[in-house]
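Engineer: Can you read through this structure? Questions will come right after.
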Amino acid sequence: MRKHILVFALIITFVPFTKSQEKGYTRFSLVFEPVVSWMKSDGIDILSEGLLPGYNFGVKIDRFFGENYAFATGLTINTSGGKISYPATEQQDTFTQTYRLKHIEIPLGLRLRSDDLRRINIYGRFGLSPQIKIKAVDGNENSITDEVTLFELSYHLGGGIEYSLGRRNSIILGLIFNNGFTDITKNNGFTDKTILNSLAIEFGFVF
């Protein structure tokens, strides 16, 4: 099922991009996103121990291939993570690990928006969120790079409103949910799969 979702997401991502080479326009947005994130394991005895605050910032790019449809990508720096409680083993007692992570993200997806109504339109966006790790530390700022995978893949889904300031400039306010596909932790003596999820409030300025 997940393979089918990935194939579908890739199709809806890249087909519009090929069309956008012939017509449309490109716009850039500076974004800042306060985030809460958490990690979730499919192991029975491996438990999530709550949320961690973070933030995303960077540039997002919309390449419109129709009046209300765009291929969406960009480049952002994301800080996220979570806390995971591991059961006792022969080597160690029960312990809780804090993961504080920083990634470079290049989102790939679609952006849909309504027609303007008194300078306001509603938008939705969905697609894939590939991320590359650039930093991983525990709660004491000790490096745990070897415990976290280099690459992480999730899908994103969200929406919000845009308020036009005139011409192509506008202000964005939205909510974006990311759900992980891939295991974000390396083999640490357990056979579980741990994914990274996040919920972000999107603030942006469109050029």
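The values are calculated or read from the model by the stated rules, or taken from the named source; none is laboratory data. Nothing here was measured: the structure is a model prediction, and the numbers come from that model. As a convention, Cβ positions derive from the backbone with ideal geometry for all residues, glycine included, and neighbour counts pool all protein chains shown.
Engineer: Any chance region 82-92 includes a residue that's within 30 Å of F190 (Cβ to Cβ) and of a type in the set (V, I, T)?
Structural biologist: Yes, there is a match, as at least one residue in region 82-92 is within 30 Å of F190 (Cβ to Cβ) and of a type in the set (V, I, T).
Engineer: For region 91-133, enumerate the residues that are aliphatic (A, V, I, L, M) and touching a residue at least 60 places away in the same chain (Cβ under 8 Å).
Structural biologist: Answer for region 91-133, where residues must be aliphatic (A, V, I, L, M) and touching a residue at least 60 places away in the same chain (Cβ under 8 Å): L101, L108, L110, L128.
Engineer: Considering only region 183-200, state which residues are farther than 17 Å from S85 by Cβ, polar (S, T, N, Q) and modelled with pLDDT under 95.
Structural biologist: Listed by number, the list holds a single entry, N187.
Engineer: Among (1) under 15 Å from S37 (Cβ atoms); (2) surrounded by 19 or more Cβ atoms within 10 Å (Cβ to Cβ), which single condition is Y86 missing?
Structural biologist: (1)
Engineer: Checking E141 against (1) within 20 Å of G54 (Cα to Cα); (2) acidic (D, E); (3) assigned to a loop (DSSP other than H, G, I, E, B); (4) in contact with a Gly (Cβ under 7 Å, 6 or more places away or on another chain), which test does it fail?
Structural biologist: (4)
Engineer: Just one of the numbered conditions (1) touching a Ser or Thr at 6+ places or on another chain (Cβ under 9 Å); (2) under 27 Å from N142 (Cβ atoms); (3) among the hydrophobic types (A, V, I, L, M, F, W, C); (4) in a strand (DSSP E or B) is not true of A88; which one?
Structural biologist: In the conditions (1) touching a Ser or Thr at 6+ places or on another chain (Cβ under 9 Å); (2) under 27 Å from N142 (Cβ atoms); (3) among the hydrophobic types (A, V, I, L, M, F, W, C); (4) in a strand (DSSP E or B), A88 misses (4) alone.
Engineer: Of the conditions (1) exposed (fewer than 14 other Cβ atoms within 10 Å of the Cβ); (2) modelled with pLDDT of 95 or more, I44 fails just one. Which one is it?
Structural biologist: If we test I44 against (1) exposed (fewer than 14 other Cβ atoms within 10 Å of the Cβ); (2) modelled with pLDDT of 95 or more, just (2) comes out false.
Engineer: Let me ask something else. Taking region 47-57 as the search range and keeping residues that are within 19 Å of S129 (Cα to Cα) and in contact (Cβ under 8 Å) with a residue 40 or more places away in the chain, which one is surrounded by the most Cβ atoms within 10 Å (Cβ to Cβ)?
Structural biologist: N56
Engineer: Given the structure, is F126 farther than 17 Å from L196 by Cβ, out of contact with any Leu (no Cβ under 7 Å at 6 or more places or on another chain) and of a type outside the set (A, V, I, L, M)?
Structural biologist: In short, no.
Engineer: Is it fair to say T79 is modelled with pLDDT of 95 or more, over 23 Å from K40 (Cβ atoms), of a type in the set (S, T, N, Q) and surrounded by fewer than 19 Cβ atoms within 10 Å (Cβ to Cβ)?
Structural biologist: So T79 does not fit the description; no.
Engineer: Is there a residue in region 86-107 that is under 16 Å from H156 (Cα atoms), out of contact with any Phe, Trp or Tyr (no Cβ under 9 Å at 6 or more places or on another chain) and of a type in the set (V, I, T)?
Structural biologist: Scanning region 86-107, I find at least one residue that is under 16 Å from H156 (Cα atoms), out of contact with any Phe, Trp or Tyr (no Cβ under 9 Å at 6 or more places or on another chain) and of a type in the set (V, I, T), so the answer is yes.
Engineer: Given the criteria farther than 19 Å from I144 by Cα and either acidic (D, E) or at pLDDT below 95 (or both), does N178 qualify?
Structural biologist: Working: farther than 19 Å from I144 by Cα: yes; either acidic (D, E) or at pLDDT below 95 (or both): no.
Against the criterion (farther than 19 Å from I144 by Cα and either acidic (D, E) or at pLDDT below 95 (or both)), N178 does not qualify.
Engineer: Okay, next question. Against the condition crowded, with 17+ Cβ neighbours inside 10 Å, of a type in the set (F, W, Y), at pLDDT below 95 and in a strand (DSSP E or B), how does F71 come out, does it pass?
Structural biologist: no
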